[in-house]
Amino acid sequence: MPQFLPPGPSSSNGAPQPHPIAKKLQVWVKANYDTAMRVVAFTELVILVRVVLGAITFQNSLLSPIIFAHFLRQRYYQSAFTREAVGAMSARIDKFARKPGNPPVVVQIWEQVQMLVGRWAGTTLAPNTTGGEGR
């Protein structure tokens, strides 16, 4: 941002102050970051559905869903927002599948999908502990 908004006048300690617009922009970004990342996480799930439907109807490559699903898998491991979105959509689909009056085959199909996705995604990655353990 210094190229577009040059720093303001120096403070008493000699360090330049950020431009007032840059400061307002930084405050706005910090205030809206969580909301934006939640929207992005749910949008990624919608894009996955669109890519899968596109592959089924031959509107895009058959490799597209595989590549995007791998991308989404990595996002799941790296982003709490994506984990939250996947959990929310999974709970919503689970609630719909187990609704009274639905045929039992709907629950069986949903459980098979969950099993296949779980098998493909693998186990949860353990956080890297760099403490003195094991040394």
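Numerical summary
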| read-out | value |
| --- | --- |
| K24 - accessible surface, heavy atoms, 1.4 Å probe, Å² rounded to 10 | 150 |
| Contour excess over end-to-end distance, with Cα ends at K24 and V106 and 0.36 nm allotted per residue | 24.4 nm |
| Average accessible area per residue (Å²) across segment 78-122 - probe 1.4 Å, nucleic acids and ligands excluded | 74 |
| Built amide H within the under 5 Å cut-off of H19, gap 5+ | G8 |
| For R75, solvent-accessible area (1.4 Å; no DNA, RNA or ligand), Å² | 50 |
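The values are calculated or read from the model by the stated rules, or taken from the named source; none is laboratory data. Owing to the predicted nature of the structure, the values given are computational and were not obtained by experimental measurement. The accessibility values were calculated without ligands, DNA or RNA, using every heavy atom of the protein model including side chains. Shrake-Rupley method; radii C 1.70, N 1.55, O 1.52, S 1.80 Å.
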